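What follows is one structure encoded as structure tokens, with my remarks underneath.
The values are calculated or read from the model by the stated rules, or taken from the named source; none is laboratory data. Keep in mind the model is a prediction, meaning the values are calculated, not measured. Quick reminder, even Gly has a Cβ in these numbers, built from the backbone with ideal geometry, and neighbours come from all protein chains shown.
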Amino acid sequence: MGFDPDTLFFAAGISAVALALTMLGVWFQNRLDRFLIGWMLGMALLGSGVVIYSSFPPASKMIVALAFTLEIVGFVAVYVAARLFTGSPVRWGAVLLLGIAVTLPVTLPIAVGFDGLGIAIYNALAATFLVMCGLEYWRAREEAPLSITGVTGLYMLAAISFLACSVMLFYDGRWVLAGRPDNWAENFNAIMSIAGITGIGALSLGLNQSRAARRHRLEARTDSLTGLLNRRALFDSFAADKLCSGDTVIVFDLDRFKSINDQYGHQAGDQTLRRFAELLGQNARSVDVAARLGGEEFVLVMRKAPIALATATAEQIRTAFAATALTIGDHAVRVTASAGIAFATTFDDDFEHVLHRADTALYRAKNNGRDRVFTELQVVA
């Protein structure tokens with residue numbers, strides 16, 4: 001039994017609906033990925049429209065108008081999903097206006113009997129949306145060059161197939177159709193619809209899984225409260241990338257932090273920790289590594305930092321933090337921090353060893369009045 005265009009389009013519609021259900025299932029497991037909802041909605045609308053158009057007699061103009069309305073709105077949803085995937089801004093009011101603007105030139109001609117004109121316009125608009133989707137993904141190609149190149153290529157091929165259908169209808173000047181269009185462009189479009197849905201769907205799911213895996217790895221390395229690296233990530237970083245001569249380790253500890261929690265509650269304590277983490281990040285260079293060791297203890301590792309620069313940076317952070325008045329309820333609370341600094345040498349690249357020396361300098365700073373910076377080079381009588 002041969003496959004006519006109607007059969008191919010029906011198969012494409014069923015594939016789109018099945019993919020929509022798959023995307024919905026994946027979204028339930030990764031609800032941060034909003035683009036999956038857009039993709040699911042787009043595929044459901046496209047698939048439903050194609051199935052309706054392939055199943056009902058083409059003489060039923062209102063049915064045909066409904067089918068192509070669902071499909072063009074589906075393309076709008078797919079384009080919105082592409083923008084959500086790449087992080088481009090989405091203005092929902094503009095999306096609504098866009099949906100209306102592209103639906104009317106397709107639906108109205110079909111509804112009044114000029115189905116050939118309406119379908120030709122639909123194909124041209126579909127090609128435009130597919131090109132826009134491809135370009136949107138191409139902007140994010142650095143994330144996964146091979147997969148996104150594949151997605152972009154499939155979008156462009158699908159766009160060519162829709163454009164070919166539009167050109168054939170305009171070329172023939174068949175504004176009123178006696179039946180469904182049947183030519184080489186329609187066959188090409190049917191095949192590309194199946195291939196595009198299958199290929200783009202598979203690659204999109206793969207991209208989503210890769211993104212989710214990267215997010216989980218990042219979450220495992222990040223302190224959830226401050227956004228800095230956590231203790232495990234800090235030690236893992238320097239297990240592989242040893243310290244070099246000229247590197248500096250600075251350990252900070254917030255003074256009398258327990259009293260903040262006891263007097264104002266843990267929410268105030270969390271606010272204090274986040275503020276110090278902000279100052280740490282603002283004063284760290286791009287080559288430096290900032291982390292929260294745990295509790296109220298933080299670390300800044302400065303690569304190739306002279307003693308004067310490391311000391312000045314620690315003092316700048318300490319001074320800025322002491323000058324910060326944290327608003328906690330009706331109270332303006334000031335908290336201070338102490339710091340200890342140790343320097344890596346040619347004969348000492350073990351991070352844990354240098355960290356221990358910085359910690360020793362920190363405790364000397366705490367024992368000598370707090371709210372101060374001590375280096376391991378300082379001697380206290």
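Numbers for the structure displayed
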{"read-out": "Test set (1) surrounded by fewer than 16 Cβ atoms within 10 Å (Cβ to Cβ); (2) at pLDDT 95 or above - residue 89 fails condition number", "value": "(2)"}
{"read-out": "Checking residue 315 against (1) farther than 17 Å from residue 273 by Cβ; (2) out of contact with any Lys or Arg (no Cβ under 6 Å at 6 or more places or on another chain); (3) at pLDDT below 90, the condition it does not meet", "value": "(3)"}
{"read-out": "Selection count where residues are modelled with pLDDT of 90 or more, in contact with a Phe, Trp or Tyr (Cβ under 8 Å, 6 or more places away or on another chain) and within 18 Å of residue 310 (Cβ to Cβ), scope region 352-381", "value": "6"}
{"read-out": "Members of region 5-58 found to be outside any helix (DSSP H, G or I) and touching a residue at least 24 places away in the same chain (Cβ under 8 Å), listed by number", "value": "30, 32, 33, 34, 58"}
{"read-out": "The listed residue being out of contact with any Phe, Trp or Tyr (no Cβ under 6 Å at 6 or more places or on another chain) and either of a type in the set (A, V, I, L, M, F, W, C) or under 24 Å from residue 313 (Cβ atoms) (or both), out of 215, 211, 285", "value": "285"}
{"read-out": "Out of 199, 281, 246, sole residue that is within 24 Å of residue 81 (Cβ to Cβ), over 18 Å from the mean Cα position of the chain (by Cα) and either touching a residue at least 60 places away in the same chain (Cβ under 8 Å) or in a helix (DSSP H, G or I) (or both)", "value": "199"}
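Matching residues to (1) in the same structural domain as residue 247 (by TED's automatic domain parsing); (2) out of contact with any Ser or Thr (no Cβ under 6 Å at 6 or more places or on another chain); (3) part of a helix (DSSP H, G or I); (4) not aromatic (Phe, Trp, Tyr):
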{"residue": "332", "(1), (2), (3), (4)": "yes, yes, no, yes"}
{"residue": "339", "(1), (2), (3), (4)": "yes, yes, no, yes"}
{"residue": "353", "(1), (2), (3), (4)": "yes, yes, yes, yes"}
{"residue": "358", "(1), (2), (3), (4)": "yes, yes, yes, yes"}
{"residue": "364", "(1), (2), (3), (4)": "yes, yes, yes, yes"}
{"residue": "370", "(1), (2), (3), (4)": "yes, no, no, yes"}
